[in-house]
Every structure is written in structure tokens, then in C-alpha cells.
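Trainee: Take a look at the following structure, please.
The values are calculated or read from the model by the stated rules, or taken from the named source; none is laboratory data. It should be emphasised that the depicted structure is a prediction, and the values quoted were computed from it without experimental measurement. Cβ coordinates were reconstructed from backbone atoms using ideal geometry, including for glycine residues, and neighbour counts include every protein chain displayed. Accessible surface is based on the protein model in full, side chains and every heavy atom, while ligands, DNA and RNA are left aside. Shrake-Rupley method; radii C 1.70, N 1.55, O 1.52, S 1.80 Å.
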Amino acid sequence: MNRIRRLLIANRGEIACRVIHSAKSLGIACIAVYSDADRRAAHVAMADEAIPIGPAPARRSYLNQSAILNAARASSADALHPGYGFLSENASFAQAVLDAGVRFVGPSPEAIAAMGSKANAKALMAQAGVPLVPGYAGDRQDPDWLAEQAEALGYPVLIKASAGGGGKGMRRVDHSVDFAAALTACQREALASFGDASVLIERYLLEPRHIEVQIFGDQHGRIVSLLERDCSLQRRHQKVMEEAPAPGWTAQQRKALSEAAIAAARAVNYVGAGTVEFIVDSKAAFYFMEMNTRLQVEHPVTEMILGEDLVAWQLKVAMGEALPAHWEHLQPNGHAIEARLYAENPRRGFLPSSGLVQALSLPESAGFFSQASPIRIDAGIRAGDVISADYDPMIAKLIVHGKDREQALDRLGQALAATSVLGPSNNRAFLQQLIAHPLVQAGQLSTALIENHIHELAGPPTAQEKRKALLAIAAAWALSRPPSDHWDAFEHHDGWRHRSLQATDPAVDRLRLRAIDDAQGAEHVIERRWTPDRLLVIDGEAWKLGDGVFAKTALVAEFASSQGEASLRIQARLLGIEALHVLHRASGDASPRTTPLQIQVDFAQSGSSWQLLDSAAEALGEQPGQGSLIAPMPGKVIAIHAAVGDEVRAGQVLLVIEAMKMEHSLQAEVDGKLLSLNVELGDQVADAALLAQIERTTRA
């Protein structure tokens, strides 16, 4: 066997950490690469060596082929693992690696090229007898021609980047009037992500399932199926949860799907790990979508039901080892589910989030590949790390194994309840709602499930959730700044206001807040009354704070109703309470505020973020009006659809921002006249930047 001794991993974050874990288990020295933004990242610390490759933007670092090849030469690497994403499916890069005398851990450049274009792949699959979704995948790409093909197929249709994947360069179009705009967006996104603006068009199957097969080939001509995964639970055409085996999938269906996947791989003499993806209609008829010539993000669920390390087998195959004989007859052992923990806000259309991860708590991981281990965590983010707008916003993958699907779902619920992220917005509470949904519990999955039930899964905080959150804020506020025995209102600088206080009156601090994700913008009031029994009044409802501790971010507090009719015990984690103690600003102090006027509350089963509406904040101009257009994340302005003076309507797209490899359309919240536009095409904007202002139209 021609051993690999020094492996360069041309990737970052969780992906690089995953590869390093398996490579080290085989005694292989690991070399990481990193951008300026990742100098202190987990994968850099985990590797034996690390080499800088350029600035933060991916196109200047992780997509910079020359920089990565130079790093391979400088480190004397004898093999390169591309991970998944970035350059992992770039045929010219794979060839350049081989030309440099370095082994490429993956399929041949020819196989990558054959499957890299969705249009070419469909032609190959037609020759191999693999079923295809009706559509157009030709070379002619002028807009009028593509529009004609869409009309011939019948709406709804799906526009997809020919060279793409991961939901980028993809749009569903329901009506012909929307086709031109969707096509332009797809082509622009495809060109930015893959360097190729060509697209294909498919008939859109309503509420289908997305089921894929993990295939593996060795250098001795064997290609096997490692069973299927169900990846139907998606938002924005990107996967959120995956599981193996597919719920309700019979042995006969598995055999037919595996045979089709193997036929697809044989068509390109495939070597290494790959995934053949199928879309499945309501009658369980399946159609080829694409083949990913790499390992997938969701490969851990396959590892958990088989007890095999697929990355280790990628390396073994690259060293010439034959696949195990028993892989010809594999059967699933139990059930595995993976949930992707993202820095994003489901209540705001899954907009990605970025910033400092101030606190991160994940459940204890019991192991990687043992089926006896119920929980596995794949992560590349740690507390203190910064989630950059330049990269994918994944925080971690939570993978669980159970004897059956019911037990796996229960264990995933436990794992999510033990998870807490303070800093960027995240989708943990959304994932909890998702796995509890009756359709998910019943295994009735489809790619439309999340979209169809988004208000149930990611609606605004309920009244009960708001009350608990406000109680937590009030308790943390009180416990972090308790009154002294000789409390003097005039010595306090934490938002207290003198309101004709009488000698007999209790001292009162008052805060006004609103839930950031509450579209109604309802105001809530907390009063902290300095009486011997520590009275807290939440929206007029009085509670006595009993025992409680607030240390750093962790809160434990017990409350009793002022009437003694009810008691409540709260455990939560909070971020931003310190903002309550700096609201006071000395007269004439014009220095900018550095403490954020937001508080994040994280419970085991829910979470919410709150904005302070204190009068001091309003005086500083920190509460934009309803007619303001605010950047929901850092990003680049790539399209402007209105000019100063234009009359605009609520819901009209005014700007498009590109962030974290996706486009995000920003809409006017009100009808009115565009008074100001503070950005130009190509500008980089900061999170929460004021982009535009609209003078609201008053209707008669």
C-alpha cells in the first residue's frame, strides 16, 4: 500500500476538523490552511502544521488554487483532501494537484468534470438508463429561449445552476411573469459561486422527498452502495436535517435506488466517496437530480448506522486499499439523525447571522463511529470564535443514533435541549419545533414541509415565552445589581428616572423592551421596585423574586406571584444584561455607545432577543423608525432597485445583499417615498447599518 504520510486539508472549520480527526487516527500528519479570519480557528489548532493562504474572502483564500498548491509544496504534502465545498468538485483543481505530484483524495478529474455540469450529468444518466426529471439542460442559454422551455414544461419550474449545489443559484418559479427576474438572480448567484452562469430548468415536483445514496468505489473496479439518506427537510433549498435510513423506505425500494446510484457511478468509473441524489414523488417514483463527487455534510448519519469511518476509507482507497467484502450486503443498524445548528434567524426568513460566539454549550459527545454512542458532535466553532460573513454560518452538527427512529428523535430532542449559543442568532429553537412537528414525528417528510408550516415552526414568541423571558431579564437585572442597605437613587446610573418620588414610595427602576422578532412591535414594561421582598412587575403583573443566582450568563431564579397563587422556577442563559447598567449618559457626553442595547435569553426549549426602548437610547437615535431599511447582516450590495424620490410599496424589493454565499432581498416595510439611500452598488455594509429611509404614506 502506497501510504499517505503528510496530508494537506484544503478546507476550514468543521469540515477540516472532521478530516483531521480521521487522518490522525491513521497516523497521518495533518497540515491545515487558513485565511486571515481563521488564524485562531479550531481546525488550525487541531492540525500538526498550519499555513496562511490569504485574506478572509473565500475567493482570495480557500478558493485560491495557487495559494493552496503553494501551501502543499511548501509543506511537502504527499496528498491533499479537499473536504466538501470550496474546491472539492473543481476538476481543474484536482488535475492541478495531480500535476504537482500530490495525491488527490477524491475521484478522478474526469469523473468530477463529467458530473460537475448538471446538464452533462443528465445526458450521461439518460444513457445509463437512470430516470430523469423532465426538463431542459441544453447549451442554449439566452433568456427568451429559456423562458420558452419553462412555458413548455408548465409552471411551477425550478431554475438550477448547471455547475452548482447547496441551494445556490436555484429558484422556484410559479408564474411566467416572475421568470425573468428569477433567471437573472440565479445566473448572477451561479456566476459568483461557481464561475459559470449557465442554468438548467426542471419541472418542479410539488412536495417531493429528497433521498440520496452514499456510494463508494475503489481502485480495483468495485462500486458499492452504503445505503440511503433522507434529506427532505430543507429551507431555501438547503438541508437542515438528514436521517438514515429513509423513513418508510422498503427493502425493495432501497435495492432499486441503490442499483440506480451504482449505475450512475459506473458511468464515470467512479473512485472514492460520492453521493447520488434523487427526487421522489408522492408515488415513490424516483428521478436523478445530481451526483456530488465528494463526501457530503450529512455523511455522519451513514457512519452512525454502519459503524464505519468514511473519511478514513477515503484515505485508504486513495492509498490503494480494497473496500471490505461485506459492504456488498450492508443493512442499517438502528436509526441516525443529523441536525445542522446554524447561525441564522428562522423568524426572519433564515437570514444568516454573524459575530462573536460569546458562550457555547454543546451536549457531551460520546463518540464518532460507534453505534453504542448515542450522541456525536461535529463542530469547528468554539466559544470566543467569530462567525464571519465570508463563510457558511454553520456552528455544529448534532448527530444521534437510536435503536429505532423514535429513540433517535428523543435523543436529538435531549441533545438540542442541552445546547445553548449566545451571540449570533441561531436555529436551535426552530430545530426543536421541527422535530416535534406531527408530520416529522410520523416520518411524512417533504422538501416543502418547512415552507408550508413556517408559521408553526418559526412564528413570533408566544405570550407565555415572552413572560418567561421578561421575568428572566428582570431577575438577572436585579441579581446582577442588588441594592445596598443604604440605597441612594441619585447614585445609580442604570436607567433610573426620578418621577416625583415621595418619601413613602418605593424606589422604582423601569425598563421598556420589545421582542426583536415580534412583527407587531409590542412594548413591554419591567419595573424593579426596591422593597424588602424584591418585587418585580412584568406588564403590570407582580412577582416576588425569591432565591436566585446570576453568574456570568447563567441564571437560576424562583418567583412567587404577589398574591401567592403561583410559583415559577426559571433556568436560562442571558447575554447583554450589562447593557442595563450603562443606559445613563452624562450630560454633554457625545462618545458613541459601545454596549449593545439588546438582550438575548436562551431557555432549554426556546429563545428570544430583546431590544431596549429606554428613553436614553431613543435620545441617542438608536431606535430607527418603521420606515428605515436596516442591514440584517454584514454583506455586499449587489443590486439596487429604487432611487431617491421613488414611491415604494410595502414588500417591494429595494436592495439585494450578498452574504455567506447567498443573496438576500431587502424589502420596504411600509408604503411611502424613498427619502434617502445610503449605499451604492458594490458597497460593503455592516450589520444593522441604516441603508435607506422611507417617508411613510398616510392613507386617508
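Trainee: How large is ³J(HN,Hα) for each residue in the range 51-63, as worked out from phi by the Karplus curve 6.51 cos²θ - 1.76 cosθ + 1.60 (θ = phi - 60°), to whole Hz, x for Gly and Pro?
Mentor: Listing the rounded values in order: 10, x, 10, x, x, 4, x, 4, 5, 9, 9, 6, 9 Hz.
Trainee: Taking the inverse of the average 1/r across all pairs of different Cα atoms in the chain, what Kirkwood radius in Å do you get?
Mentor: Working: mean 1/r = 0.0365 Å⁻¹.
That comes to 27.4 Å for the chain.
Trainee: In addition: In the chain, if the dipole is taken from +1 on Lys/Arg beta carbons and -1 on Asp/Glu beta carbons about the Cα centre, which of A312, P393, I630 is farthest to the positive end?
Mentor: Farthest towards the positive end: A312.
Trainee: A follow-up question, please. In whole Å, what are the extents of the range 360-440 along the principal axes defined by its C-alpha atoms, from largest to smallest?
Mentor: 38, 30, 20
Trainee: Check V33: other-chain or 5+ apart residues with amide H under 5 Å from its amide H, H built from backbone geometry?
Mentor: I9, N11, I51
Trainee: Report, in deg cm²/dmol and to the nearest 500, the calculated mean residue ellipticity at 222 nm for the chain, where each DSSP H run with n ≥ 4 adds -39500 (n - 2.57) and the sum is divided by the residue count.
Mentor: On the way: 18 runs with 173 residues, N = 700.
My calculation for the chain gives -7000 deg cm²/dmol from helical runs alone.
Trainee: Which loop-located GluC sites (Glu not before Pro) does the range 322-366 contain, where loop means any DSSP state but H, G, I, E or B and the Cβ has at most 12 other Cβ atoms within 10 Å?
Mentor: Details: sites: E328, E338, E344, E364; in loops: E364.
Filter output for the range 322-366: E364.
Trainee: Ok, one more. Compute the angle between helix 251-266 and the longest alpha-carbon principal axis of the chain, please, reported from 0 to 90 degrees and rounded to the nearest 10.
Mentor: Roughly 70 degrees, rounded to the nearest 10.
Trainee: Residues with amide H under 5 Å of A56's amide H, sequence separation 5 or more or different chain, H placed in the peptide plane at 1.01 Å from N; which?
Mentor: D36, A37
Trainee: Dividing the Cα convex hull volume of the range 159-248 by residue count, how many Å³ per residue is that?
Mentor: On the way: hull volume 11.8 nm³, N = 90.
It comes to 131 Å³ per residue, whole-number rounded.
Trainee: Right, another one. Just to confirm the filter: which trypsin sites (Lys or Arg not before Pro) across the range 632-700 are DSSP coil and have at most 13 other Cβ within 10 angstrom of their Cβ? Intermediate values should be presented prior to the final figure.
Mentor: On the way: sites: K636, R649, K661, K673, R696, R699; in loops: R649, K661, R699.
When the trypsin sites (Lys or Arg not before Pro) of the range 632-700 are filtered for loop state and at most 13 Cβ neighbours within 10 Å, R649, R699 remain.
Trainee: Still on this structure: At 4 °C and 1.567 mPa s, grab the translational diffusion coefficient of the range 276-315 from Stokes-Einstein with a Kirkwood Rh over Cα pairs, rounded to a whole number in µm² per second.
Mentor: Once the numbers are plugged in, D ends up at 108 µm²/s.
Trainee: What's the carbon and sulfur percent of the chain's accessible surface, probe 1.4 angstrom, rounded to a whole number? Before the final figure, lay out the partial values.
Mentor: Numbers: 14210 of 29040 Å².
The C+S portion of the solvent-accessible surface of the chain is 49 percent.
Trainee: With a 1.4 Å probe and all protein chains kept in place, how much accessible area does K24 have, in Å² rounded to the nearest 10?
Mentor: Probe radius 1.4 Å; accessible area of K24 about 90 Å².
Trainee: Helix 405-417 versus the longest principal axis of the chain: what angle, 0 to 90°, nearest 10, using Cα atoms?
Mentor: The answer is roughly 40 degrees.
Trainee: If the reach is capped at under 19 angstrom between alpha carbons, list the lysines near K466, excluding any in the same chain fewer than eight residues apart.
Mentor: K544
Trainee: Now for a separate question. In square angstrom, what is the accessible area per residue of the chain with a 1.4 angstrom probe? Mind dumping the intermediate values first?
Mentor: Details: 29040 Å² over 700 residues.
Accessible area per residue, the chain: 41 Å².
Trainee: Show which lysines lie in cross-link reach of K239 when reach means a straight Cα distance below 27 angstrom and same-chain residues fewer than eight apart are skipped.
Mentor: The qualifying lysines are K118, K122, K160, K168, K255, K283, K397, K403, K636, K661.
Trainee: Could you work out the relative contact order of the range 17-161? I mean the mean sequence separation of Cα pairs under 8 Å and 6+ apart, divided by the number of residues, in percent. Numbers along the way, then the final one.
Mentor: Working: 148 pairs, mean separation 18.6, N = 145.
Computed value for the range 17-161: 13 percent relative contact order.
Trainee: Here's another thing I want to ask about it. If I fit a long axis through the Cα atoms of helix 65-74 and take the longest principal axis of the Cα atoms of the chain, what angle between them do I get, 0 to 90°, rounded to 10?
Mentor: That works out to roughly 80 degrees.
Trainee: Would you grab the residues whose amide H sits under 5 Å from the one on A246? Only those 5+ places off in sequence or on another chain, please, with H modelled 1.01 Å from N.
Mentor: Correct list: E228, D230.
Trainee: List, in order, the whole-Hz ³J(HN,Hα) value for each residue of the range 515-523 obtained from phi through the Karplus relation with A = 6.51, B = -1.76, C = 1.60 and θ = phi - 60°; use x for Gly and Pro.
Mentor: Once θ is set to phi - 60°, the couplings for the range 515-523 become 6, 4, 9, 9, 4, 6, x, 5, 8 Hz.
Trainee: Further question on the same structure: Leaving ligands and nucleic acids out of the surface, order D518, D539, D683 by accessible area at 1.4 Å, largest first.
Mentor: I get D539, D683, D518, largest accessible area first.
Trainee: In debye, nearest 20: dipole of the chain around its Cα centre with unit charges on the Cβ of K, R (+) and D, E (-)? Let's see the in-between values first.
Mentor: Numbers: 67 positive and 81 negative charges, 196 e Å.
Roughly 940 debye for the chain.
Trainee: Could you go through the range 691-697 in sequence order and give the Karplus-derived ³J(HN,Hα) for each residue, using 6.51 cos²θ - 1.76 cosθ + 1.60 with θ = phi - 60°, rounded to whole Hz, and x for Gly and Pro?
Mentor: Once rounded to whole Hz, the list reads 8, 7, 10, 10, 7, 5, 7.
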